[in-house]
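In what follows, a single structure is set out as structure tokens and then discussed.
Values quoted throughout were computed directly from the atomic coordinates according to the rules given, and no laboratory measurement underlies them. Please read these numbers as outputs of a predicted model, since none were measured by experiment. Note: ideal-geometry Cβ built from the backbone for every residue, glycine included; neighbour counts use all protein chains shown.
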Amino acid sequence: MGGFVKTQKTSAYSKRFQVKFKRRRAGKTDYRARIRLINQDKNKYNTPKYRFVVRFTNKDITAQIISASIAGDMVLASAYSHELPRYGLEVGLTNYAAAYCTGLLLARRVLKIRGLDQEYEGNVEATGEDFSVEPADERRPFRALLDVGLVRTTTGNRVFGALKGALDGGLDIPHSEKRFAGFKKDDKQLDADIHRKYIYGAHVADYMKNLAEEEPEKYQSHFSEYIKKGIEAEDMEALYKKVHAAIRADPSVVKSTKQPPKEHKRYNPKKLTYEQRKASLVERLNQLNSGAADDDDEDDE
Amino acid sequence: MPAGHGLRSRTRDLFARPFRKKGYIPLTTYLRTYKIGDYVDVKVNGAVHKGMPHKFYHGRTGRVWNVTKRAIGVEINKQVNGRIIRKRIHVRVEHVQPSRCTEEFRLRKAKNDQLKVDAKARGEVISTKRQPVGPKPGFMVEGATLETVTPIPYDVVNDLKGGY
């Protein structure tokens, strides 16, 4: 038998242990980046510094414009990819194209809130080229800083899809084209065509075509939702064009009329009371005893 | 070897971070805004090496006279020989805290203004001056029993029992 080492945290260890910040313990916030994003020049006093926050979950994309305050961060506007069905996009809500749509939606929303949407149209026709807003005569464009969170910023990451959507929507976000999908490291240049393909979901469409020919069963299982909605590989570009137009037409927020459920759904088993635990223990012991008795009888025989 | 009188000499404990408060500094230090004329306390944060004031200014309070991108200009009194000089230093915001020295004054001012308004409404004349605490009023001692204490004659033999 190998040595059994008592792993013990002595009280001395616990007394001296310094916990990290709560959000760091949760692994959600990178404070090094956060300090640098939030820090505002002191001689700008209370001018808010907006962050364009993009976060991905397994089934959703969150894009928000947030400014920090001592009381807590204040969200100016937010857009979620689960709002995209309202504009005609029902499937593929976490891909690069959906990220672009979400970023675009957020940008138009913010500009509308600020009254800048007439002045800053942004890039209406998504070409994939690097586009930066030109400052107009009277009011300067809405400036925000990209906050990726803890994502690894590789070329072609969906975060930059959302960034591109926001830029084309008319926000002023300092960026470089190095991380857009389609940037060739060898040429050190952004291939606008490839980027445009990603914005219109052509990479998904190509995969669909490929699967439909080579492995039809996998195509059925993987793209079942697309098939259900009747979306073919050729329809992708037109679909996204319609979604973009719909977003630009009406980016306002629609409050959902769902009532919050009266009873909250339990996600973990309810803790047993002392009596319940004792009762279950008694039961288990009885079962063990009766089981042992049976075994003994069997052994005897 | 001689002692050395460098800039940060004798600051081993002074600039050390407090127990279990090492590492990243909480964000409110960066979010606070300071205006010219505010009173601030200078308290060095050893984790940030830039914009550190000299150890003399640690614990001093002064007025803000300048606000730059990442630092505050603070005017602090320093006694040099026989006179007090108003010294102007620039300190990064991590080493500065808003001072509460005027807090009591401001609250009292607001309260007094309110009292004056109320008094004017009633037509009275009141004085809002602070009065110093006077001598305690006289009082009768309750429940006192008299116990007369007399000295006991010194007994050499018994008292030296404990050893000498």
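Scale the Cα Rg of the stretch A:155-282 by the rule-of-thumb value 2.2 N^0.38 Å and send over the ratio, two decimals.
Details: Rg = 23.6 Å, N = 128, 2.2 N^0.38 = 13.9 Å.
Output field value: 1.70.
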Could you run the Karplus curve 6.51 cos²θ - 1.76 cosθ + 1.60 with θ = phi - 60° over the stretch A:226-238 and give me ³J(HN,Hα) per residue in whole Hz, x for Gly and Pro?
4, 5, 4, 7, x, 9, 9, 5, 6, 7, 3, 5, 4
What residues qualify as long-range amide H neighbours of B:N66, i.e. H under 5 Å apart, gap of 5 or more or another chain, H built at 1.01 Å from N?
B:G73
Per residue of A:35-42, count partner chain C-beta atoms within 10 Å of its C-beta, then hand back the mean as an integer.
5
What list of whole percents do you get for P(r) of the protein assembly as shown, with Cα-Cα distances grouped in 10 Å bins up to the one holding the largest distance?
3, 12, 15, 15, 14, 15, 11, 7, 4, 2, 2, 0, 0
Please list the radius of gyration and Dmax for the stretch B:14-98, considering alpha-carbon atoms only, with Å as the unit.
13.0, 42
Please say if the stretch B:69-116 is rounded, prolate or oblate, where rounded means a/c under 1.5 for a ≥ b ≥ c the square roots of the C-alpha gyration tensor eigenvalues, and otherwise the choice is prolate for a/b larger than b/c and oblate otherwise?
oblate
Please list, in order along the stretch B:108-118, the HN-Hα scalar couplings obtained from phi with the Karplus expression 6.51 cos²θ - 1.76 cosθ + 1.60 (θ = phi - 60°), rounded to whole Hz, x for Gly and Pro.
5, 4, 5, 5, 5, 4, 5, 4, 5, 4, 4
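Suppose every K and R has +1 on its Cβ and every D and E has -1 on its Cβ; what is the size of the dipole of the protein assembly as shown about the Cα centre, in Debye to the nearest 20?
Using only the charged Cβ atoms, the result is roughly 4260 debye.
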Proxy reagent accessibility, fewest Cβ within 10 Å first, across A:F142, B:F19, A:F131:
B:F19, A:F131, A:F142
Explain nothing, just the number: relative contact order of chain B, from Cα pairs under 8 Å at least 6 residues apart, as a whole percent.
17
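Take every Cα pair under 8 Å in the stretch A:21-249 that's 6+ residues apart, average their separations, divide by the length, and report that relative contact order as a whole percent.
On the way: 374 pairs, mean separation 46.0, N = 229.
With pairs under 8 Å counted, the relative contact order is 20 percent.
Taking the number of other C-beta atoms within 10 Å as the exposure measure, put B:H90, B:H95, A:H264, A:H175 in order starting with the fewest. Don't skip to the end; give the middle numbers.
Values: B:H90 14, B:H95 25, A:H264 7, A:H175 18.
Going from sparsest to densest Cβ surroundings: A:H264, B:H90, A:H175, B:H95.
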Between the stretch B:72-145 and the stretch B:1-61, what's the alpha-carbon centroid distance in Å?
26
In deg cm²/dmol, rounded to the nearest 500, the helical mean residue ellipticity at 222 nm of chain A, built from -39500 (n - 2.57) for every DSSP H run of length 4 or more, is -12500 deg cm²/dmol
Computed ³J(HN,Hα) along the stretch A:288-295: with the Karplus parameters 6.51/-1.76/1.60, θ = phi - 60°, integer Hz and x for glycine or proline, the list is 4, 4, 5, x, 5, 4, 4, 4
Give the long-range amide H neighbours of B:K87: residues separated by 5 or more places, or on another chain, with amide H under 5 Å away, using H modelled in the peptide plane at 1.01 Å from N.
B:I76, B:N77, B:K78
Compactness index (Cα Rg / 2.2 N^0.38 Å), the stretch A:21-249
1.06
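What order do you get for A:V151, B:V93, A:V91 when you list them from fewest to most C-beta neighbours inside 10 Å? Walk me through the numbers before you get to the answer.
On the way: A:V151 15, B:V93 23, A:V91 18.
Sorted ascending by nearby Cβ count, the order is A:V151, A:V91, B:V93.
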Please list, by residue number, every one of the chymotrypsin sites (Phe, Trp or Tyr not before Pro) in the stretch A:1-103 that is coil in DSSP and has at most 12 other beta-carbon atoms within 10 Å.
A:F4, A:F17, A:Y45
Shape category assigned to chain B from the gyration tensor of Cα positions, a/c cut at 1.5
oblate
Place +1 on the Cβ of every Lys and Arg and -1 on the Cβ of every Asp and Glu in the protein assembly as shown, take the dipole about the Cα centre, and give the residue among A:L281, A:I61, A:A205 whose Cα lies farthest towards its positive end.
A:I61
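Just to confirm the filter: which GluC sites (Glu not before Pro) across the stretch A:175-235 are DSSP coil and have at most 14 other Cβ within 10 angstrom of their Cβ?
Passing sites in the stretch A:175-235 are A:E232.
Average partner chain C-beta neighbours within 10 Å, per residue of B:65-78? Provide the component values of the computation, followed by the final result.
Numbers: counts 0, 2, 5, 3, 6, 5, 2, 2, 0, 0, 0, 0, 0, 0.
The mean count of partner-chain Cβ atoms within 10 Å per residue comes to 2.
Can you pick out the pairs among B:K35/B:K129; A:K164/A:K241; A:K197/A:K242 whose Cα atoms lie more than 19 Å from each other?
Working: B:K35/B:K129 29 Å; A:K164/A:K241 15 Å; A:K197/A:K242 16 Å.
Where the Cα-Cα span goes over 19 Å, the pairs concerned are B:K35/B:K129.
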When the charge dipole of the stretch B:1-153 is computed with +1 at the Cβ of Lys and Arg and -1 at the Cβ of Asp and Glu, the Cα pointing farthest to the positive end, of B:P53, B:N77, B:F19, is that of B:P53
Given 25 °C and 0.890 mPa s, how large is the Stokes-Einstein diffusion coefficient of the stretch A:1-151 in µm²/s, with Rh as the Kirkwood radius over Cα pairs?
131
Using the alpha-carbon centroid of each, what span in Å lies between the stretch A:219-242 and the stretch A:134-163?
28
